[in-house]
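Remarks on the structure that follows.
The values are calculated or read from the model by the stated rules, or taken from the named source; none is laboratory data. In this text the structure is predicted, and so the values were computed from the model without any measurement. When we count neighbours, we look across all protein chains shown, and the Cβ atoms used for this are built from the backbone with ideal geometry, even at glycine.
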Amino acid sequence: MNRRSLGALKRAFEQTTNILRISSEISLESLGALAESLRCDWATYWQVDPAAQVLRAKVTWRRPGVDSAHLARDTQGRSLTMSEGVAGHVWRSRKPIWTNNIVQDMCLPRSLDASEAGLHGGVWFAVQNKRTVYGVIELLGRDLNPGTREHLLVIEQFGFTLGKIKDTEHSSAAPRAPL
């Protein structure tokens, strides 16, 4: 990817941040806007369930026309620990992952379901602050270009920006244990 695509990535994040500042919740609208701006065809917000210590799919979006029934069923019925799947790895490491080979890098059977839907590349990043990971955003696409170190840094920073928005959402909630 080149500087032009890095600029597009930053603009996509600004657009999504503006949507989230209005609602402060990762919604179908904000997840879809993010996915579409990055030319992705599938997106999931995996939210941390702190009591059970697992990730659960809270919001799932797909581009119309993407045949993803198997992937949707498996995603909605799945919970991931810190040692399961790419989203679990990102939760544990707090570092984004960008791949152009879902079958090789994503857990079974979701990788096969994604491939069957024509999805070949993916980006995962944590929604976090310095103490807490609130969740992981998963973006899958048919023709996702390779990411660079710069792209991963921008994505990681975006995850911290979303974490600040989530902080305001949780500021009136009861104290939470760090993850």
Members of region 129-153 found to be of a type in the set (Val, Ile, Thr) and modelled with pLDDT under 90, listed by number: 148
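One line per residue, one yes/no per condition, for (1) within 21 Å of residue 162 (Cα to Cα); (2) of a type outside the set (S, T, N, Q):
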position	(1), (2)
36	yes, yes
42	yes, yes
51	no, yes
56	yes, yes
65	no, yes
68	no, no
81	no, no
85	no, yes
Among the residues of region 1-39 satisfying the criterion of being of a type in the set (Ser, Thr, Tyr) and part of a loop (DSSP other than H, G, I, E, B), which is modelled with the lowest pLDDT? 24
May I ask you to list the residues in region 91-130 that are among the basic types (Lys, Arg) and within 20 Å of residue 81 (Cβ to Cβ)? 92, 94, 95, 110
Looking at 61, 42, 91 in this structure, which one is closer than 25 Å to residue 130 by Cβ, surrounded by 15 or more Cβ atoms within 10 Å (Cβ to Cβ), of a type in the set (Phe, Trp, Tyr) and within 13 Å of the chain's Cα centre (by Cα)? 91
Options 91, 98; residue that is touching a residue at least 24 places away in the same chain (Cβ under 8 Å), of a type in the set (Phe, Trp, Tyr) and farther than 19 Å from residue 35 by Cβ: 91
If we keep only residues of region 40-51 that are touching a Gly at 6+ places or on another chain (Cβ under 6 Å) and outside any strand (DSSP E or B), then the residue farthest from residue 78 (Cα to Cα) is 40
Quick one: which strands (runs of 3 or more DSSP E) lie wholly within region 52-163 and hold at least 1 residues that are more than 24 Å from residue 10 (Cα to Cα)? 54-62
Can you tell me how many residues in region 112-134 are crowded, with 21+ Cβ neighbours inside 10 Å and either among the polar types (S, T, N, Q) or closer than 14 Å to residue 155 by Cα (or both)? 7
